[in-house]
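Report on the structure given below.
The values are calculated or read from the model by the stated rules, or taken from the named source; none is laboratory data. Note that the structure is predicted; figures quoted are calculated from it, not measured. Virtual Cβ from ideal backbone geometry, glycine too; neighbours counted across all protein chains shown. Side chains are part of the model used for accessible areas, which takes the heavy atoms of the whole protein and leaves out ligands, DNA and RNA. Shrake-Rupley method; radii C 1.70, N 1.55, O 1.52, S 1.80 Å.
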Amino acid sequence: MIQIQGVHKMFDLADGGTYALRDVSLTIREGEIVSLIGPSGCGKTTLLYCISGLESIVKGRILFDGTPVEGPRKGEVGLVFQKAVLLDWRTVMDNVLLPIEVFGRPRAHYVDRARELIELVGLTGFADYLPGKLSGGMQQRAAIVRALIFEPRVLLMDEPFGALDALTREHMNMLLLRVWERTGKTIVFVTHDLEEAAFLSDRVVVMTSRPGTVREIVSVPLPRPRTIDMRYSEDFVRLARQLRGLLDVDLPTAAVG
Amino acid sequence: MAALVTWHLASLTTSPLILPGPIPVATQLVRSGSLIMTNLWVTLTEIVLGFVGGSLIGIITGTAIAHSRRLDGILRPYIATSQAVPKAALAPLFVLWLGFGLGPKVTIAALISFFPLLENTIVGLRRVDPDALKLFASLGARPWQVFLKLRLPHGLPYILTGLKVGVVFATVGAVIAEFVTANKGLGALIMQAQGNFDTRLMFAVIIVLTVMGVILYELLQLIERWALRTFNLGEGHIDPTRTEWNP
Ligand SMILES: Nc1ncnc2c1ncn2[C@@H]1O[C@H](COP(=O)(O)OP(=O)(O)OP(=O)(O)O)[C@@H](O)[C@H]1O
Ligand SMILES: [Mg+2]
């Protein structure tokens, strides 16, 4: 369980400080998929970094099963970025095992697990490829395996499919759900795409524009396992419309039309 | 081939003192072979020592600066200033300080090849993807791990490019230093030939220098290709508009 309690985050700028997050509170349950949506610059990425311990917070606290986060801790969180951030000079297998090397654990113990995960994300046969030879979607799959290889407690994903075309993104959504079903990981998922958020999540957190606060937390009424067809169901459309309404509050009225 | 023919035709219309033709120059090359070879070894020694020394110091200093903002802040103004100094103009000074032996020539060659390596090492080690740094940080990576697994592989192509520039610069540096000290080496031989109005010998030496420069460059090019292929690295980059690397 991740408890985010009254978190404030400020960035020091040349002309004083600005708040990026103001009084954010949120509890994420074990094995849950929670999406963060909100206007650009509202602090979604910042919140992920605070959870991972990469950014310090000025007020409030973040607890992992009751233990406060005070900096990056080995093996606790798996990060996935919008870009795959693979090291070009390493093969898929070597990229996937990078965290193991950094932790100083024996590589050989993880090769089988790496192969399983590579198969799970549909990269079988590409383990010895260099990233440059893979498509964007395939690179992102490798990045997901890299984040899972060390069994982190939580997967933090920052618009991981934002750079992919719509169809590939849908495939990756299904793939992520399959991975989630198999591994039971807690996932915090940032996206710009409210339909993606609705489709994947148990709950969607809608944030206000800067400084980011939680505007509303919406539970997704769709059953599991999710299927592509659900994207066209009445419940889904109603949910999407509701999320849309919550996001549009921040738009200038003229733009809403 | 066309260049050779043009050279030959041009030499027919000019005094051999100003522009000797390719055939007399080639004859001279053979006749002065051993004289040229003796001096070639001297120059080559200076180049290699200066290049190896200058690039090593450049890479080490660059690595230190890339890792420390503070060091960067302290050293940067001095580096910027010393880059603006035409290093060749320092040759007489180094002769004064270090005598007429190998010292001043190696120093000049080292000084000139230092800068491209310094600059390329800094850029190569620094310009890594900020997200990759976040990734390493999230894994709790130690600084040496970030260096070995991220910065060095990323910076290596830049450093290799710097080495190619550096070896050419070292050649320029050694020859210019020899102009000033006029004792041994191919640069000195050019000055002597000039004093004797032996234009053919001058041309012969210049050709030898050019061939040597090309061979050194190609050698590093081979090393670069080998390293890039072995370590699966991409191309290095160098900003061709940079002017502060003046010899
Ligand atoms: N290192 C930093 N220094 C100063 N300000 C920063 C820094 N990082 C983020 N900010 C500011 O904090 C705010 C939140 O940024 P953040 O990147 O978290 O937003 P976001 O919701 O992820 O936006 P997007 O949807 O565009 O990715 C922004 O206004 C940004 O300008
Ligand atoms: Mg963001």
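Exactly one residue out of A:L47, A:L36, A:L26 is buried (at least 18 other Cβ atoms within 10 Å of the Cβ), more than 13 Å from ligand 2 (Cβ to nearest atom) and within 16 Å of the chain's Cα centre (by Cα), and it is A:L26. Segment B:88-139 holds helices (runs of 4 or more DSSP H) entirely within its bounds, and those carrying 3 or more residues that are away from chain A (no Cβ under 14 Å) and open to solvent by 10 Å² or more (accessible area, probe 1.4 Å) map to B:91-98, B:102-126.
Residue count for segment A:139-188 satisfying the condition of being without any contact (Cβ under 8 Å) to a residue 40 or more places away in the chain and open to solvent by 10 Å² or more (accessible area, probe 1.4 Å): 9. One residue is enough: does segment A:103-110 have a residue meeting the conditions without any contact (Cβ under 8 Å) to a residue 24 or more places away in the chain and either within 11 Å of chain B (Cβ to nearest Cβ) or at positive phi (or both)? Yes, because at least one residue in segment A:103-110 is without any contact (Cβ under 8 Å) to a residue 24 or more places away in the chain and either within 11 Å of chain B (Cβ to nearest Cβ) or at positive phi (or both).
Which of the residues belonging to segment A:198-215 are over 13 Å from the mean Cα position of the chain (by Cα) and part of a helix (DSSP H, G or I)? The answer is A:A198, A:F199. Consider segment A:87-102 and keep the residues that are more than 9 Å from chain B (Cβ to nearest Cβ) and open to solvent by less than 40 Å² (accessible area, probe 1.4 Å). The one that is farthest from ligand 1 (Cβ to nearest atom) is A:M93.
Within segment A:202-209, one or more residues are away from ligand 1 (no atom under 16 Å from the Cβ) and either within 14 Å of chain B (Cβ to nearest Cβ) or out of contact with any Asp or Glu (no Cβ under 6 Å at 6 or more places or on another chain) (or both). So A:L79 ticks every box in (1) part of a strand (DSSP E or B); (2) away from every other protein chain (no Cβ under 14 Å) but one. Which box is left unticked? Checking A:L79 against (1) part of a strand (DSSP E or B); (2) away from every other protein chain (no Cβ under 14 Å), the one that fails is (2). Considering only residues in segment A:33-65 that are part of a loop (DSSP other than H, G, I, E, B) and free of Cβ contacts under 8 Å to residues at least 60 places away in the same chain, the one that is nearest to the other protein chains (Cβ to nearest Cβ) turns out to be A:L54.
Taking the criterion of being more than 16 Å from ligand 2 (Cβ to nearest atom) and modelled with pLDDT of 95 or more, the only residue of segment A:155-172 that qualifies is A:L155.
Here is a list of conditions, (1) farther than 27 Å from B:T107 by Cβ; (2) within 14 Å of another protein chain (Cβ to nearest Cβ), and B:R200 meets all of them except one; can you say which number that is? All conditions pass for B:R200, except number (2).
Matching residues to (1) open to solvent by 50 Å² or more (accessible area, probe 1.4 Å); (2) at pLDDT 95 or above; (3) among the hydrophobic types (A, V, I, L, M, F, W, C); (4) over 19 Å from B:R31 (Cα atoms):
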site	(1), (2), (3), (4)
B:P157	no, no, no, yes
B:V172	yes, no, yes, yes
B:L201	no, no, yes, no
B:R242	yes, no, no, yes
